[in-house]
Structure formats: C-alpha cells, structure tokens
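Input: a single structure, listed below in structure tokens.
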Amino acid sequence: MTRYTAQGEFDLETQPAPEKNVKKTTALSKDWNSNAVVVKSNDLLTAKTNLSLNELRIILVAISKIDSVTDQVRSDAVYWVSAKELREIGSERSKAYKYLQNAVNTLYNRSVIRTFGSNGKERDEFRWISKVSYRSGMIGLTFSQEVLPFLTKIRSNFIRYPIKQISELKSVSTLRFFELCVRWRGQVKKMSIEELKEILNIPQKKLNGDVARIVRECTAKINEAKKIDFYVESEFIRTGRRFTDIIFSVKSRRKDAVPSTLSVPQEEWEGMVKDLTGYSDEDWRGLILSEQQRSYFAKKLANYQDGGVGTRFARDYLSRCGSAADSNDSWIRWIQTKLADPAFVYEVRVFLNDVGFKPSSAKHK
C-alpha cells in the first residue's frame, strides 16, 4: 500500500511503525543494503566514543538512513534498524536480535567526547541518542540535538562510504581505522600513537607497542576485505626505543576505479555534487526525462529505502492526493508526474544517481 511506500516510510522516520509496516520494511532491507551510504562530519571521526562493535553498527545503519544534504531533517525523527540490516553489515546471524535488545538498554548512555585546546583538557561531552525505542524486533533511534549537526546539512569536511564496505570488519578499532582511512584517502597521514588510542577506543593502559600491533591488525583486515575499494600501507616511527607515531597512506585498489568512498575536506563544498554522483551541478540542471524514463525511475524511487525520498516528499504527496493516497500505484504515479519537472529532478539527483539514472541519458531544457 502507498501508506507503507510513502507514508509508511515517512512514519518510519518520525514515529514508531505498526507491526505490519515493520515486517514490510525488514523484507525490503536488501534494497537498503545495496544503496545505503554513511555520511558524517570529520569532527566525529576524531571524537572519543564508548560504543561497542554492535552498538556502532546500529548507529551507522541509522546514520545511513539520514538525508545528510537536505535542511529538512526533523530533530525528532526516529530511524529504525532491523536485525536483518544488522546481519547484512557483519553481525552474527543468530545473535542479531539479541544485539538489538541489548542496545535498547545501553545506547541511551553512550556519549561522544570532543576535546579542544593544546593540552586537550577542554572538552564537550554529549549523548549519541536522545530517545531509543523497540518495536517488533526493530530498534528506533532519535539522534540528540548535539549530534545532528555532524550528520545533517553537511556541506564540507565530511566522509561518505557505502555501509556494506564495513561488513567484513569485526572490531571497533578496525572500523574506526577504516573511517580514518576514508578520511585520508589518496594522502599520506602522520598520527601519534596517543592520538590513535583515543580514536580507536584502545585502553590507555595499553603500551605503545600494543597499539602498533593493533593498528597492524586493523591494516591487515582492511587490506583483506574484498568489498573495500582501497588498501593501506603503514609504517611506525620510533623515538628512542618506543613507538611514538604512525605514517599511513591510503591508495585505490585499481587506478581506473571510481572510488565509492569519499572524503570532502573543509571549505570544499563546491563540486560536492559531482563527487557524490560523478556529474557536475550543471549536468543535472534543466533535464527533461522521457516518458519511459519517468515511468521506470518513478518505480525505482518509490521503493528506494534511503531515508530521504519518502521522508522528504510524503507530506506533499499525502496533502495533494488525500484519499487517493491509498495504493502503491498512486505513489508511483505521483513521482512519475513530478519527474516531468526539471526542478524536481535536480532536487532528487543524488537519489536518482543511486538507482542508476545518468543525466547524460536525458535531454536538456
């Protein structure tokens, strides 16, 4: 029914979903997995957090459902995560439901710690989550007001990667090091061992040699992972007899490959859309889709579980269609009609790109 495809997706983001809708959403997690990307500010990469591996996975699934570019994300939005989605990014199949249930009791008390100043003694600490819910085998997360600025309205200083790339990473340290590598892709980076301890959640009591061993293991796991499109080379520096720093470089596996991971530095918003889709901003403006294209991609967008299409347009759809908004076909027809408007095509360009549309296949106005 359309109230699932459109309104149901909207409800999924803003309020607890009825059991019937929860089951349907779980069944569509295959589409979610193939399209979902994580977009987050680089400031979160270097912040200290006390999340366990499966708590971190749950957080990342929820983040992948946020439309990070739009200014219209609601502060009370609830992002629902299913056991199947958790399994698809690496959690043990037989324990996924248990991990969700455990997270209901722990996630509310997990925090982000950002330190400042030359001595690192100035700090901000805030919760990841302001509300956590559990319904019919799914956990619902509402991100705190303090975290949302690092996940929404992002224009620069962020990373972006397909969430399926983390499915072979089995520790918090490896996953956090992976995100650092995305941040410094194509570059050589030097970091202190002490800094890495904080970022990778390594206990302070660990010796520098232990940290070096852990980072070597993280590097090996990333290089062995088949879904990750880069590899890492690392070298440790000694000062006297102690390891004090690491130098690592992140390189593409294939020279001709278009990277699916992305790091956008500070003050480099210009050209971001080209980075996200592979096309320039001008390529997306004034596009006229054929009737066949509108029909085909309307169906794709109607079933796209991205946390953005339904959330952004469900209100408009329901207010305009009223009682007619009771079938999947009407939701598809509404999108098909909207795709005749070049301004709408431009607005949903990132979503169209994710479902396979290429602006070069359409005419320009």
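The values are calculated or read from the model by the stated rules, or taken from the named source; none is laboratory data. Please read these numbers as outputs of a predicted model, since none were measured by experiment. Heads up, the Cβs are rebuilt from the backbone with ideal geometry, glycines too, and the neighbour counts pull from every protein chain shown. For the accessible areas, the whole protein counts, side chains as well, though only heavy atoms, and no ligand, DNA or RNA atoms are used. Shrake-Rupley method; radii C 1.70, N 1.55, O 1.52, S 1.80 Å.
Only residues that are within 12 Å of Y279 (Cα to Cα) and touching an Asp or Glu at 6+ places or on another chain (Cβ under 8 Å): list them for segment 345-359, please. Across segment 345-359, the qualifying residue is only P359.
Among the residues making up segment 62-120, those that are more than 24 Å from G137 (Cα to Cα) and without any contact (Cβ under 8 Å) to a residue 40 or more places away in the chain are F116, G117, S118, N119, G120. Of S118, S111, all but one fail to be farther than 22 Å from V61 by Cβ and open to solvent by 10 Å² or more (accessible area, probe 1.4 Å); the exception is S118. Annotation: S260 fulfils all but one of (1) closer than 22 Å to L169 by Cβ; (2) open to solvent by 30 Å² or more (accessible area, probe 1.4 Å); (3) modelled with pLDDT of 85 or more; the unmet one is (3). Among the residues making up segment 196-227, those that are farther than 18 Å from S167 by Cα, out of contact with any strand residue (DSSP E or B) (no Cβ under 9 Å at 6 or more places or on another chain) and open to solvent by 40 Å² or more (accessible area, probe 1.4 Å) are P203, Q204, K205, K206, D210, R213.
Between S91, S82, the distinction of being farther than 22 Å from R176 by Cα, among the hydroxyl-bearing types (S, T, Y) and open to solvent by less than 10 Å² (accessible area, probe 1.4 Å) belongs to S82 only. Could we say that E9 is acidic (D, E), touching a helix residue (DSSP H, G or I) at 6+ places or on another chain (Cβ under 6 Å) and at pLDDT 50 or above here? Criteria not met by E9. Here C181 passes the criteria (1) under 22 Å from L51 (Cα atoms); (2) in contact with an Asp or Glu (Cβ under 9 Å, 6 or more places away or on another chain); (3) crowded, with 16+ Cβ neighbours inside 10 Å except the one numbered (2). Of the residues that sit in segment 102-122 and are in a strand (DSSP E or B) and modelled with pLDDT under 90, which one is nearest to N50 (Cα to Cα)? So, considering only residues that are in a strand (DSSP E or B) and modelled with pLDDT under 90, the one nearest to N50 (Cα to Cα) is T115.
Looking only at segment 82-100, count how many residues are under 23 Å from V147 (Cα atoms) and either at pLDDT 95 or above or assigned to a helix (DSSP H, G or I) (or both). Number satisfying all stated conditions: 4. Residues in segment 132-149: is at least one open to solvent by 10 Å² or more (accessible area, probe 1.4 Å), in contact (Cβ under 8 Å) with a residue 24 or more places away in the chain, aromatic (F, W, Y) and part of a strand (DSSP E or B)? Checked against the condition, which is being open to solvent by 10 Å² or more (accessible area, probe 1.4 Å), in contact (Cβ under 8 Å) with a residue 24 or more places away in the chain, aromatic (F, W, Y) and part of a strand (DSSP E or B), segment 132-149 yields at least one hit. Whether a residue is out of contact with any helix residue (DSSP H, G or I) (no Cβ under 7 Å at 6 or more places or on another chain) and either part of a helix (DSSP H, G or I) or at pLDDT 85 or above (or both) was assessed, and D329 passes this test.
If the condition is being under 14 Å from S234 (Cβ atoms) and in a helix (DSSP H, G or I), then segment 164-208 contributes S173, T174, F177, F178, L180, C181, I193, L196.
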